[in-house]
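Asks: Input: one structure, supplied below.
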């Protein structure tokens, strides 16, 4: 995508610097904002607005209609509108504008899809898939156990260092979105698997230039997000799981299984690193859906008469 047009680019750059430096917004999120704002700016420029200070409700309404006509999903439209809305509020605070033209705009309505999860039995088969005693199997078993035990994002798992793991007290210190720090407990099986990896497998993978990353490759370098993604898919296939297993599915399963076991929603929010409890509440819908499904399958009054 070409850079934002004149009259728009300066405000976008200033806003992104503000949210990154002062609000601690993650770089990937800031990049997403930049792409959405730049796309919007090109449309607005083409349709008569000379800059953000001149954008009107009419311009933005036409832009939303254009997004809909291009068949962007409702969630994508809502995300793009949020980016523009946050920028406009910032411009009002900075007195670039006297008013916020997004105030009267309604976000597209959409039904949030419930996240998929694995059953406990499926997770058990997945965690048992790296069954060998070689360094790679031991490493991968520890990686999967820690992944499911902590509910980390794949990017967080890839960045883990030795200093962030406390096996004695059973927790991992995580730096998530926006570099926000949180402490997540580790289950006993994850602690045992990581301990075995650190004593019997990782030393065999260490090279002269190896850093402090927890999970390392045969070259002694940190495993990338892409490699971790491929590993999860490989072991899911080896375990015979029919679902399309992606790393985030383990995170969803972690949260859903905790909730099903009676964990407090606020505690799950803290462990996942969600800024809002509303994000975590999606798992209550997942658990309710599972209970309804179980009731439909197993309650005698729901079974067809023979």
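The values are calculated or read from the model by the stated rules, or taken from the named source; none is laboratory data. Remember, predicted model here, so these are calculated numbers, not experimental data. Glycine also receives a Cβ, built like all others from the backbone with ideal geometry; neighbour counts cover every protein chain displayed.
Asks: Whether any residue in the stretch 161-169 is surrounded by 21 or more Cβ atoms within 10 Å (Cβ to Cβ), touching a strand residue (DSSP E or B) at 6+ places or on another chain (Cβ under 9 Å) and at pLDDT 90 or above is what I want to check. Walk me through how you get there before you give the answer.
Replies: Just the residues of the stretch 161-169 that are surrounded by 21 or more Cβ atoms within 10 Å (Cβ to Cβ), to begin with: none.
There is no residue in the stretch 161-169 that is surrounded by 21 or more Cβ atoms within 10 Å (Cβ to Cβ), touching a strand residue (DSSP E or B) at 6+ places or on another chain (Cβ under 9 Å) and at pLDDT 90 or above.
Asks: Let me ask something else about it. Within the bounds of the stretch 118-136, is there any residue that is out of contact with any helix residue (DSSP H, G or I) (no Cβ under 7 Å at 6 or more places or on another chain), buried (at least 21 other Cβ atoms within 10 Å of the Cβ) and more than 30 Å from residue 59 (Cβ to Cβ)?
Replies: Restricting attention to the stretch 118-136, the residues satisfying the condition of being out of contact with any helix residue (DSSP H, G or I) (no Cβ under 7 Å at 6 or more places or on another chain) are 119, 121-122, 124-125, 128, 132-134, 136.
Narrowing further to those that are buried (at least 21 other Cβ atoms within 10 Å of the Cβ): none.
No, every residue in the stretch 118-136 fails to be out of contact with any helix residue (DSSP H, G or I) (no Cβ under 7 Å at 6 or more places or on another chain), buried (at least 21 other Cβ atoms within 10 Å of the Cβ) and more than 30 Å from residue 59 (Cβ to Cβ).
Here is a yes/no grid of residues against (1) under 18 Å from the mean Cα position of the chain (by Cα); (2) surrounded by fewer than 20 Cβ atoms within 10 Å (Cβ to Cβ); (3) at pLDDT 90 or above:
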site: 181; (1), (2), (3): yes, yes, no
site: 195; (1), (2), (3): no, yes, yes
site: 198; (1), (2), (3): no, yes, yes
site: 205; (1), (2), (3): no, yes, yes
site: 209; (1), (2), (3): no, yes, yes
site: 214; (1), (2), (3): no, no, yes
site: 232; (1), (2), (3): yes, no, yes
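Asks: Considering only the stretch 1-53, how many residues are assigned to a loop (DSSP other than H, G, I, E, B) and within 22 Å of residue 273 (Cα to Cα)? Even if it seems obvious, please write down each step before you answer.
Replies: Initially, the stretch 1-53 is screened for residues assigned to a loop (DSSP other than H, G, I, E, B), giving 1-8, 22-26, 47-51.
Okay, now just the ones that are also within 22 Å of residue 273 (Cα to Cα), so 22-26.
Count: 5.
Asks: Is it true that residue 177 is farther than 17 Å from residue 134 by Cβ and surrounded by 15 or more Cβ atoms within 10 Å (Cβ to Cβ)?
Replies: Numbers: farther than 17 Å from residue 134 by Cβ: yes; surrounded by 15 or more Cβ atoms within 10 Å (Cβ to Cβ): yes.
For residue 177, the condition - farther than 17 Å from residue 134 by Cβ and surrounded by 15 or more Cβ atoms within 10 Å (Cβ to Cβ) - is met.
Asks: What helices (runs of 4 or more DSSP H) lie completely within the stretch 245-297 and have 3 or more residues being surrounded by 20 or more Cβ atoms within 10 Å (Cβ to Cβ), in contact with a helix residue (DSSP H, G or I) (Cβ under 8 Å, 6 or more places away or on another chain) and at pLDDT 65 or above? Steps first, answer last, please.
Replies: Working: elements: 247-260, 265-272, 277-280.
Per the criteria, 247-260, 265-272.
Asks: Do you know which residues across the stretch 55-80 are free of Cβ contacts under 8 Å to residues at least 24 places away in the same chain and either under 14 Å from residue 102 (Cβ atoms) or not in a loop (DSSP other than H, G, I, E, B) (or both)? If you could, list the steps in order and put the result at the bottom.
Replies: Restricting attention to the stretch 55-80, the residues satisfying the condition of being free of Cβ contacts under 8 Å to residues at least 24 places away in the same chain are 58, 62-63, 65-67, 69-72, 76.
Answer for the stretch 55-80, where residues must be free of Cβ contacts under 8 Å to residues at least 24 places away in the same chain and either under 14 Å from residue 102 (Cβ atoms) or not in a loop (DSSP other than H, G, I, E, B) (or both): 58, 62, 63, 65, 66, 67, 69, 76.
Asks: A further question follows. Restricting attention to the stretch 152-173, does a residue exist that is part of a strand (DSSP E or B) and in contact (Cβ under 8 Å) with a residue 40 or more places away in the chain? Before the answer, list the steps.
Replies: Pass one, the stretch 152-173, residues part of a strand (DSSP E or B): 161, 165-166, 171-173.
Checking which are in contact (Cβ under 8 Å) with a residue 40 or more places away in the chain leaves us with 161, 165.
Yes - at least one qualifying residue is present in the stretch 152-173.
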